[in-house]
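J.: Okay, handing you the structure first.
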Amino acid sequence: MISGWRRGDPEEALLRREWLVTNGLGGYASGTIGGACTRRFHGFLIAAMPAPLGRVMMFNHLEEHLVINGETTYRLSADEHNTPSPIRYPTSDILEQLVLENGLPVWHYARDGVHIEKRVVMPHLQNTTYIIYRLVTAPHAVTLELRPSLHFRPHEGLLTEEVSQKWTITPHENGVEISDGRPYPPLRLQFLGRGELHREQIVHNGVIYRIERARGYEFEGGLWSPGVIRFTIEPGHEVGLIASVEPWDAIRAMDAGDACVAEHARRGKLKTIAKSANGDEFRSQLVLAADQFLISPRTRAADEARAHATGDDPRTVIAGYHWFTDWGRDTMISLEGLTLVTGRHREAGNILRTFASYIRDGLIPNMFPEGEHEGLYHTADATMWFFHAVARYIRYTNDRDTLRQLLPKMVEIIDHHIRGTRFNIHVDPEDGLLSQGAEGYQLTWMDAKVGDWVVTPRRGKAVEINALYYNALCILEGFLREEGDEANAARMQQYAAKARASFNQRFWNEEGQYLYDVVDPNDPACRPNQIFAISLDHPVLNESRWKRVIGVVEERLLTPYGLRSLSRDHPDYKKAYDGDLRARDAAYHQGTVWGWLIGPFIDAWRKVHPGEDASRFLAAFPKHMEEACIGTIAEIFDAEPPYHPRGCAAQAWSVAEVLRCAGESVTR
């Protein structure tokens, strides 16, 4: 059981620490432990709807008050109408602790002999949230008052968008249906227990979202509330709300107990099939965290139709919560940790086949914008990571049917790169290295851009792009030989030999004793990208130079939470990822630590330290999982101590790579 907060912890942690529950569709519920909405993405129901709606904020906030003896009132959460000062938010009076049980948050409140617990559960593949309150012990019944506050808006919609003036409240059996007069689905609230809505419509103006303010976004907006829902709870009984955009029949199909039992059973199965968990709490929680990113892309009907027509189930990976959608690069890097290490092999195959169906001009999509049907293809490395993901999938499953289905596409990819494809991505016929770069585009994983400013353009021949290209050629050659296609296998071997010879001649920085980050033109910046020349299954770098490169990376880039994106001695180095959007993007790949890079570092380190224990490189992550977004791992960290977590609160490739390496640490 992971503890997220207990009485005695700093009160400020009630606002800094977050919880996250997801539904397998890309929808979620999330907030701070203390109940304040500090992000525009915080809410109890962010529903994943078919395009063009995409994800929609349907249920923003819930004020919770407990009345004991009919007169003494205690806050369970922050009151949204109390406009927060820059110093302090009003938070819970009586919270004792928050823990994760099977990865799901449980709040415990206690005062005057009363102990009440709250749970938040989302049934799998439903846009539904259960908010359940159980009176564990009390000398008598108590009253619970809940005030929901709403502002239906797109997931990335503006807080400053005016709150609707056309709300309607329609009573239903032990519940209400709420619409705002716009083309959003109605929010259906089913009362658990004998609840009654006392209508008292109010608008909260000037609600402040402090993290958005710190990040330089618009941070103030309004919310509308229909009134207060009152429950009387007897000791040992439960009350609460079901918030949903599903049909009423679906909402009423399960009571609170059934929903909790079903979700806990599903999570128990995930831990059972993930052999890497093996009863270890850290690895078990990582398995549950991995589940948050694996989704069925219901927002794109074309994915469903195409997959179902071939007897498949569409699957993809949400790159991070709260704001990312599915990204090709993140998906391929994360695939092993999220699905193969966890025993979810069928879903891994579904993901690969789903992305293969989107290949255009030899490229897989870089990302799918929120609420859109089609992907964007501005990436030079995601497609090379596809080869890596396929190889790892075949290693785990030996699924030859999928391999034979993908092989023609993989050959086609290489042929497109040899000829040249979009965004000036092409193999240089002179040296056989893969070059990329188009004005106004950021094509590598270091992809920060503000307006027209591409922060790290890295145009030319980037070190990890060529390490990935060589690895892809070797993987493809091996598969082709296994399938008896000697002619194409020989061709891939020739491409690989030329690329390897040129790589070792051109990328070695004799003065620095490490690898250039880019050649043509040469860039001597010391970055973590060079580690892929060693870490991948087919290292492109001559083995005689492995130890020196790993030594430089360990000395200049390694932190407890991953690798810095730039060494400290570079004039563009940034210590912290903070400030407004421009300041943050200027630091995004200019020193900021990336958690996912701990995986390839460990892979490379093990190659020069065979048999040695690498678990010390993961030692900081268990504590991190109790101090940020509880039970998961952040996207990035500041480059200097105390390494504050930044960016997305929960990131797929951070979780995936730590989980993969944690699993390997008990098998090697």
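J.: Taking neighbour Cβ counts within 10 Å as the exposure measure, how do 613, 523 sort from fewest upward? Present the calculation step by step, with values, prior to reporting the outcome.
T.: Numbers: 613 10, 523 17.
The most exposed by this proxy come first: 613, 523.
J.: With a cut-off of 8 Å between alpha carbons and a minimum separation of six or more residues, what is the relative contact order of the range 2-268 in percent?
T.: The normalised contact order for the range 2-268 reaches 20 percent.
J.: To test your reading of the geometry: what angle, between 0 and 90 degrees and rounded to tens, separates the Cα axis of helix 463-482 from the longest principal axis of the chain?
T.: 80
J.: May I pose another question? Please say if the range 274-665 is rounded, prolate or oblate, where rounded means a/c under 1.5 for a ≥ b ≥ c the square roots of the C-alpha gyration tensor eigenvalues, and otherwise the choice is prolate for a/b larger than b/c and oblate otherwise?
T.: rounded
J.: While we're looking at this one, here's another question. Output needed for the range 485-643: three equivalent-ellipsoid semi-axes, defined as square roots of 5 times the C-alpha gyration tensor eigenvalues, in descending order, whole Å.
T.: 30, 20, 15
J.: Sticking with this one: Restricting to DSSP H runs of at least four residues, report the calculated mean residue ellipticity at 222 nm for the chain, -39500 (n - 2.57) per run over all residues, nearest 500 deg cm²/dmol.
T.: -9000 deg cm²/dmol
J.: Among (i) 46, 26, 23; (ii) 41, 29, 26; (iii) 67, 29, 16, only one was calculated for this model; which label is it, if the read-out is semi-axes √(5λ) of the Cα gyration tensor in Å?
T.: (i)
J.: Let me know the number of lysine pairs in the chain closer than 23 Å at the Cα, not counting same-chain pairs under 8 apart.
T.: 9
J.: Follow-up question, since we're still on this one. Could you tally the net charge around residue 6, taking each other residue with its Cβ under 13 Å from the Cβ of residue 6, Lys/Arg +1 and Asp/Glu -1? Can you show the working numbers first?
T.: Details: positive: 7, 17; negative: 9, 11, 96, 626, 627.
Within the 13 Å Cβ shell, the charges total -3.
J.: Using only alpha carbon pairs under 8 Å that are at least six residues apart, calculate the relative contact order of the range 313-428 and give it in whole percent.
T.: Working: 150 pairs, mean separation 29.2, N = 116.
Once divided by the residue count of the range 313-428, the mean separation gives 25 percent.
J.: While we're on this one: Counting only C-alpha contacts under 8 Å and six or more residues apart, can you give the relative contact order of the chain as a whole percent?
T.: It rounds to 12 percent for the chain.
J.: Compute the projected area of the convex hull of the Cα atoms of the range 50-168, averaged over all viewing directions, and report it in nm² to one decimal place.
T.: Taking the Cα atoms of the range 50-168, their convex hull projects to 10.4 nm² on average.
J.: Please pull out the direction-averaged projected area of the range 538-606, using the convex hull of its alpha-carbon atoms, in nm² to one decimal place.
T.: Working: hull surface 21.9 nm².
If you wrap the Cα atoms of the range 538-606 in a convex hull and average its projections, you get 5.5 nm².
J.: Right, here's the next one. Around residue 153, with a cut-off of 13 angstrom between Cβ atoms, what is the net charge of the other residues, counting Lys and Arg +1 and Asp and Glu -1? Mind dumping the intermediate values first?
T.: Numbers: positive: 40, 55, 182; negative: 156, 161, 162, 180, 218, 370.
Charge balance in the 13 Å sphere: -3.
J.: When a/c is below 1.5 the answer is rounded, else prolate if a/b is larger than b/c, else oblate, so apply that to the range 340-382 with a ≥ b ≥ c taken from the square roots of the Cα gyration tensor eigenvalues. Before the final figure, lay out each step's value.
T.: Details: a/c = 2.21, a/b = 1.75, b/c = 1.26.
Since a/c reaches 1.5 and a/b is larger than b/c, the shape of the range 340-382 is classed as prolate.
J.: Using a Förster distance of 41 angstrom, determine the FRET efficiency expected from the C-beta separation of residue 609 and residue 412, and round it to 0.05.
T.: 0.55
J.: Please report the net charge: other residues with Cβ closer than 14 Å to the Cβ of residue 73, K and R +1, D and E -1.
T.: Result for the neighbourhood of residue 73: -3.
J.: Here is a follow-up. Quick one: grab the alpha carbon gyration tensor of the range 2-268, order the square roots of its eigenvalues as a ≥ b ≥ c, and give me rounded if a/c is under 1.5, else prolate or oblate depending on whether a/b is larger than b/c.
T.: rounded
J.: Based on other C-beta atoms within 10 Å, arrange 79, 381 from fewest to most.
T.: Exposure proxy ranking, most exposed first: 79, 381.
J.: Based on other C-beta atoms within 10 Å, arrange 363, 15 from fewest to most.
T.: With the fewest neighbours first, 363, 15 line up as 15, 363.
J.: Among the GluC sites (Glu not before Pro) in the range 430-496, which ones are in a DSSP loop with at most 11 other Cβ atoms within 10 Å of the Cβ? Mind listing them?
T.: Sparse-neighbourhood loop GluC sites (Glu not before Pro): 430, 439.
J.: Using only Cα atoms, find the angle between the long axis of helix 546-556 and the longest principal axis of the chain, and express it within 0 to 90 degrees, rounded to the nearest 10.
T.: 40
J.: Sticking with this structure for a sec: Tell me the trypsin sites (Lys or Arg not before Pro) within the range 117-184 that lie in a loop according to DSSP and have at most 16 other beta-carbon atoms within 10 Å.
T.: Of the trypsin sites (Lys or Arg not before Pro), the ones in loops of the range 117-184 whose Cβ has at most 16 other Cβ atoms within 10 Å are 166.
J.: Which trypsin sites (Lys or Arg not before Pro) in the range 237-289 sit in a loop by DSSP (not H, G, I, E or B) and have at most 11 other Cβ atoms within 10 Å of their own Cβ?
T.: When the trypsin sites (Lys or Arg not before Pro) of the range 237-289 are filtered for loop state and at most 11 Cβ neighbours within 10 Å, nothing remains.
Each value in this text was obtained by applying a stated rule to the coordinates, not by laboratory testing. Worth saying up front: this structure is predicted, and the values here are computed from it rather than measured. Cβ atoms come from the backbone with ideal geometry, glycine included; neighbour counts cover every protein chain shown.
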